[in-house]
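Each remark here refers to the structure printed beneath this line.
Coordinate-derived values only; no laboratory data. Model, not experiment: these values are computed from the prediction. Because the Cβ atoms are built from the backbone with ideal geometry, glycine has one as well, and the counts that use them run over all protein chains shown.
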């Protein structure tokens, strides 16, 4: 039997970064649905939270899963569910792109805390400021130039 534990911090945004997830209650409902759907699809979603225009997930990839597959399973089903449920009045979509980095076992608790505290965090730092910090931290300046 194979045993795999590859932790990934996955971040994705609403289409055009529109603040569709604009209430704590709406976010809680969407994130709970994503958790339940992930469990049904055998996705290991350890933590999820976000703010008005983005979502942070801590996932562990299974031995046959790719980041792209897991992201698509989470984003595709949840956008269909959001539209079908009528939670948001205008058509809802996630942005096609995503951001992902591997996470060391020694950093899991700090990342879980960071994900749990998104609302508090974004009262001080905007998502755009956060993206700029990630770009500097991980040396992704070339990605920013391509926007």
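Laid out as a table, the results:
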read-out	value
The range 53-124: radius of gyration and largest Cα-Cα distance (Dmax), Å	14.5, 42
Theoretical gain in end-to-end length, residue 117 to residue 134 [0.36 nm per residue, Cα-Cα removed]	4.4 nm
Simple label model, 7 Å out from Cα along Cβ direction - residue 124 to residue 3, nm	3.9
Residue 15-residue 110 pseudo-label distance in nm [points 7 Å out on the Cα-to-Cβ vector]	3.7
Relative contact order (%) - the chain, alpha-carbon pairs under 8 angstrom, separation at least six	32
Viscosity 0.890 mPa s, 25 °C: Kirkwood-radius Stokes-Einstein D of the range 1-82 over Cα pairs, µm²/s	188
Gain on full stretching of the segment that runs from residue 24 to residue 84 - 0.36 nm per residue minus C-alpha separation	19.6 nm
Estimated [θ] at 222 nm from DSSP helical runs (n ≥ 4, -39500 (n - 2.57)) normalised by residues in the chain, nearest 500	-14000 deg cm²/dmol
Volume in Å³ per residue [convex hull over Cα atoms, computed for the chain]	119
